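> The structure follows.
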Amino acid sequence: MSATKGARFAAFGALILLAACSGVAPIVPVTAPPTDSDASSLTLRVTDYLDIPGWNGDDHASVLPTLIRSCEKIEAKDPSASLGSDLRMGRVEDWMAICADARKIRPGNMVEAKYFFESRFIAYRVGDVHDTNGLFTGYYEPELDGRWAPQEGFQTPIYARPKDIISINLADFRSMYVGAKLVGRMEGNTVIPYYTRAEINEGALKGRELEILWVDSPVDAFFMHIQGSGRIKLQDGSHVRVGYAGRNGHEYKSIGRVLVDRNVMPLEQVTAPAIRNWLATNPDLADELMNQNRSFVFFRVIEGDGPIGALGIPLTPGRSLAVDRTFLPLGIPIWLDTTDPLDEKLPLQRLMVAQDTGSAIKGAVRGDVFWGFGNEAARRAGLMKQNGSYFVLLPRSAARPAPVFN
């Protein structure tokens, strides 16, 4: 996209007037954006908003409530601390100023909201050592049929987090291991890996009163583990919402990848519906395949709105994005540029907020779109396996000039 200098100047002048009406003063752009870091595979390239695909076509006001919810968590941090491990993301105090201005925008005012983002943030195209292409998938909140007690047809337990799980933050021992954790249990004086999915399914946790509910399908329970949350429909028609409470610490393994490695289906055909169909038509092999994913998720009952993401706040359908926290901190705006999972000819370009993580979400350019609840959300999430890219929006105040030495 391009524009003449005169047109861009006129548009900027109009936005200055709008800012004065809303009580948000304009900010002068800085001249020294963050530079690429040799210490990280995350590369950032400053990008003009006119060059962001689809930027002018979004309703920027609709994402502001999602950003403001994130502010509640950001503002609880030490103002002088960095937001995440990458100094280029700015300090908490930079984001606190952003949050204060976000609350001044009149709800639903698309023009003010668009100006807010353009004037308060610098946009950067994200790359993995300059490769800006990545994979984008989707997830949703599934519905399962369940009961408070086991009975015929309801024999698959949903477990709460066991008290004997030990979580070790390796950065407490060596700074080089920032973001790395080990999860295990004690056996005598030794920390050993926690029980695997197969061991838990074979009864490793029985008799410990960890069962929250029982559901009617081990396959549905397995997919709820992948999603990290769900609604359980009870016999009287009421629902119980459960959310992520922890996992056993074993590495996530895609059973779709296992099917590809076993030459059961080609990679391009691997989707959630295809995997479900295979499990349904091969019931004798289903448990063995699901146990290839040694990772196991524990849940808790959630009261009120949900589901709750890793940031600790309710997720927003179509606006919350799960990212790899190794590279990007939670709470920041991200512009997604990919295609619609139901029609790859249609662009999927929108402003989102990083509010969640996932054991399968690994890489500098990798995202998981939260689609919400219901059949349509399930369909979009199950089919989404799109190539694309994204841009992060970082506070202009975080782009501090490098020191000058005389």
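> Quick one: would you say Pro193 is at pLDDT below 95 and either of a type in the set (Val, Ile, Thr) or under 20 Å from Phe296 (Cα atoms) (or both)?
No: the conditions fail for Pro193.
> Of all residues being surrounded by fewer than 19 Cβ atoms within 10 Å (Cβ to Cβ) and touching a Phe, Trp or Tyr at 6+ places or on another chain (Cβ under 9 Å) in region 301-317, which is nearest to Ile158 (Cα to Cα)? Just the residue, please.
Once the filter is applied, the top-ranked residue is Ala310.
> Which condition number in (1) surrounded by 24 or more Cβ atoms within 10 Å (Cβ to Cβ); (2) assigned to a loop (DSSP other than H, G, I, E, B) is the one that Ala354 fails?
The single condition Ala354 does not satisfy is (2).
> Please state which one of Ile200, Ile212, Ile192, Ile226 is free of Cβ contacts under 8 Å to residues at least 24 places away in the same chain and either part of a strand (DSSP E or B) or of a type in the set (A, V, I, L, M) (or both).
Ile192
> Here is a further query. Within region 145-175, which residues are in contact with a helix residue (DSSP H, G or I) (Cβ under 8 Å, 6 or more places away or on another chain) and at pLDDT below 95?
Residues satisfying the conditions are Leu170, Ala171.
> Under 6 Å between Cβ atoms, at least 6 apart or on separate chains: pull out the pairs that start in region 165-188 with a residue that is closer than 17 Å to Tyr252 by Cβ and small (Gly, Ala, Ser) and end on any residue that is modelled with pLDDT of 85 or more and outside any loop (DSSP other than H, G, I, E, B).
Final answer for the pair search is Ser167/Val183; Ala180/Leu170; Gly184/Ile166; Gly184/Val191; Gly184/Ile192; Gly184/Pro193.
> I've got another one for you. Pull up region 57-113, narrow it to residues that are over 19 Å from the mean Cα position of the chain (by Cα), acidic (Asp, Glu) and under 21 Å from Asp356 (Cβ atoms), then point me to the one that is surrounded by the most Cβ atoms within 10 Å (Cβ to Cβ).
Asp58
> Related question: Could you pull out the residue among Phe154, Phe116 that is within 22 Å of Leu328 (Cα to Cα) and surrounded by 17 or more Cβ atoms within 10 Å (Cβ to Cβ)?
Phe116
> Of all the helices (runs of 4 or more DSSP H) wholly in region 52-144, which have at least 1 residues that are out of contact with any strand residue (DSSP E or B) (no Cβ under 6 Å at 6 or more places or on another chain), more than 30 Å from Thr339 (Cα to Cα) and modelled with pLDDT of 95 or more?
Answer list for region 52-144: 64-74, 92-102.
> Anything in region 165-179 that is in contact with a strand residue (DSSP E or B) (Cβ under 8 Å, 6 or more places away or on another chain), exposed (fewer than 13 other Cβ atoms within 10 Å of the Cβ) and in a loop (DSSP other than H, G, I, E, B)? List them, or say none.
None - no residue of region 165-179 is in contact with a strand residue (DSSP E or B) (Cβ under 8 Å, 6 or more places away or on another chain), exposed (fewer than 13 other Cβ atoms within 10 Å of the Cβ) and in a loop (DSSP other than H, G, I, E, B), so the list stays empty.
> For region 243-253, enumerate the residues that are in a strand (DSSP E or B) and either at pLDDT 95 or above or farther than 15 Å from Leu213 by Cα (or both).
Correct list: Gly246, Arg247.
> Do you know which residues across region 325-351 are crowded, with 22+ Cβ neighbours inside 10 Å and closer than 17 Å to Val92 by Cα?
Selection gives Phe327, Leu328, Leu330, Gly331, Ile332, Pro333.
The values are calculated or read from the model by the stated rules, or taken from the named source; none is laboratory data. The structure presented is a predicted model; accordingly, all values stated were derived computationally and were not measured. A quick note on method: Cβ atoms are made from the backbone with ideal geometry, for glycine too, and the neighbour counts reach across all protein chains shown.
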